[in-house]
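S.K.: One structure coming up, written as structure tokens, with questions to follow.
The values are calculated or read from the model by the stated rules, or taken from the named source; none is laboratory data. Note that the structure is predicted; figures quoted are calculated from it, not measured. As a convention, Cβ positions derive from the backbone with ideal geometry for all residues, glycine included, and neighbour counts pool all protein chains shown. Just so you know, the surface numbers come from the protein's heavy atoms only, side chains and all, with ligands and any DNA or RNA stripped out. Shrake-Rupley method; radii C 1.70, N 1.55, O 1.52, S 1.80 Å.
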Amino acid sequence: YCGELRRMTSTNTIIVGGGHAGVNLACMLAIDEPSVDYLVLERDDSLLVKWRKYRWEKFNLNTPIKYSLLYGQQDERDEWLLERSIEGELERWDAHIAKLGIRHKLHSNVKNIEKDDEKDAFIVTVEESDPSNGTKSIVKYQSTNVVVCNGYYDKPTSPLAIADGIASARCGIKQHIAAANFQFNDLVDGSALLVGSGQTGIQVADLLLRYKPEVKLYLCTSNVKGCPRSFDSKDVFYWLEEMGI
């Protein structure tokens, strides 16, 4: 690497990943354990990057506010309020992160984690990038604790045979992934097949019907029946909480 620099930094807790889980843990440490030295390592250019970049146009949160707050975050709105714009929520999350002074480093890609039995600690090897000049350096952290919050549960998958077949056929069919900054104007004229009828599929279908009514939309579903969103005028999350789930 150009300008490579190797150094060792010690800390109590390294949090790998600055998504919702990693940031929440950092908030807990900042509030409940203020004496604990910690650091959040995020390989992208911002915290909560999935909410900022990997979503579709006009994305709205549809879970109650009480389940979307960061740890210790206060909110004056009705805790059961559902549909809200992600832009507004990001402003509130960012304000809470700034208020707590969450310690983090961006452009920090964790390359290796190994246990040092002699020191009873973990050695975390990180590749740090400087976007201003394109240089990279290697930094090593010695940490008593390491918590990995890499958030890969939402990595999109598709049947390779079908995807490759469509791509190689050059038949004019365009493929889009909802969580890859999908924009409605990316759709070409004609019909659209929306695969998946979970929370993502239903919200995208509803938005397309509202904002791209000229598109003939087909929704591909499974045989599994969906869960009712409300019962007795209360959201399903209320009942899940009442049942202790």
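S.K.: Using a simple spin-label model with points 7 Å from Cα along the Cα→Cβ vector, what separation in nm is obtained for Thr125 and Ser46?
M.R.: About 3.2 nm, to one decimal.
S.K.: Now for a separate question. Run the numbers for Asn109 and Lys234: contour at 0.36 nm per residue of separation, minus the present Cα-Cα distance, in nm.
M.R.: Numbers: separation 125, 0.36 × 125 = 45.00 nm, distance 4.29 nm.
Extra length from Asn109 to Lys234 when fully extended: 40.7 nm.
S.K.: Could you list, bin by bin from short to long, the percent of Cα-Cα pairs of the range 33-105 in 5 Å steps?
M.R.: Histogramming the range 33-105 at 5 Å steps yields 3, 13, 22, 25, 17, 12, 6, 1, 0 percent.
S.K.: Another question, then. Provide the solvent-accessible area of Phe231, counting protein heavy atoms only and rolling a 1.4 Å probe, rounded to the nearest 10 Å².
M.R.: Here the residue's solvent-accessible area equals roughly 140 Å².
S.K.: Sorted by packing (mean other beta-carbon atoms within 10 Å per residue), highest first, where do 174-183, 221-230 land? Don't skip to the end; give the middle numbers.
M.R.: Values: 174-183: 13.3, 221-230: 9.4.
For the peptides 174-183, 221-230, the packing ranking is 174-183, 221-230.
S.K.: Please identify which residues in the range 136-151 have an amide N closer than 13 Å to a label point set 7 Å out from the Cα of Val36, following the Cα→Cβ vector.
M.R.: 144-148
S.K.: Any idea how far apart Glu241 and Ser132 come out in nm if each label point goes 7 Å out from Cα toward Cβ?
M.R.: Placing both labels 7 Å along Cα→Cβ, they lie 4.5 nm apart.
S.K.: With charges only on Cβ, +1 for K and R and -1 for D and E, what is the dipole size of the chain about its Cα centre, in debye, rounded to 20?
M.R.: Details: 29 positive and 35 negative charges, 152 e Å.
Computed charge dipole of the chain: roughly 740 debye.
S.K.: Let me ask another. With every protein chain kept in place and ligands, DNA and RNA left out, what is the accessible area per residue of the range 12-108? Probe 1.4 Å, answer in Å².
M.R.: Accessible area per residue, the range 12-108: 47 Å².
S.K.: Once the dipole of the chain is set up with Lys and Arg at +1 and Asp and Glu at -1 on Cβ about the Cα centre, which of Val204, His104, Ser35 lies farthest towards its positive end?
M.R.: The listed residue farthest towards the positive side: Val204.
S.K.: Quick one: Debye curve from the C-alpha atoms of the range 88-146, no solvent, what's log10 I(q)/I(0) at q = 0.12, 0.23, 0.25 Å⁻¹?
M.R.: -0.46, -0.91, -0.94
S.K.: To continue, here is another question. Arrange the residues Leu90, Leu219 by how much accessible surface each exposes, largest first, with a 1.4 angstrom probe. Display every interim value, and only then the final one.
M.R.: Values: Leu90 15, Leu219 75 Å².
Correct descending sequence by accessible area is Leu219, Leu90.
S.K.: Tell me, rounded to the nearest percent, the portion of alpha carbon pairs in the range 195-245 spaced more than 14 Å apart. Write down the numbers at each step before the final one.
M.R.: Values: 813 of 1275 pairs.
Of all Cα-Cα distances in the range 195-245, 64 percent exceed 14 Å.
S.K.: Could you give the radius of gyration (one decimal) and Dmax (whole number) of the Cα atoms in the range 1-79, in Å?
M.R.: 16.2, 52
S.K.: How far apart, in nanometres, would the label points at Cys220 and Asn185 be if each is projected 7 angstrom from Cα along the Cα-to-Cβ direction?
M.R.: 2.7
S.K.: Something else about it: Carbon-plus-sulfur fraction of the accessible area of the chain, 1.4 Å probe, in percent? Mind dumping the intermediate values first?
M.R.: Values: 8140 of 15400 Å².
Reported share for carbon and sulfur atoms: 53 percent.
S.K.: Would you kindly work out the equivalent ellipsoid of the chain from its C-alpha gyration tensor and give its semi-axes, the square roots of five times the eigenvalues, largest first in whole Å? Walk me through the intermediate numbers first.
M.R.: On the way: eigenvalues 280, 140, 55 Å².
Semi-axes, largest first: 37, 26, 17 Å.
S.K.: About the Cα centre of the range 72-126, what is the dipole size in debye to 20, counting +1 per Lys and Arg Cβ and -1 per Asp and Glu Cβ, all else neutral? Each step should come with its number before you reach the end.
M.R.: Numbers: 9 positive and 14 negative charges, 63 e Å.
So the dipole magnitude of the range 72-126 works out to roughly 300 debye.
S.K.: Turning to a different aspect of this structure: Give the lysines whose C-alpha is closer than 26 Å to that of Lys216, dropping any in the same chain fewer than 8 places away, or say none.
M.R.: Lys58, Lys174, Lys225
S.K.: How long is the gain from Glu87 to Tyr71 if the chain were fully straight, where each residue apart is worth 0.36 nm and the alpha carbon distance is subtracted? Don't skip to the end; give the middle numbers.
M.R.: Details: separation 16, 0.36 × 16 = 5.76 nm, distance 1.91 nm.
Stretched fully, the Glu87-Tyr71 segment lengthens by 3.9 nm.
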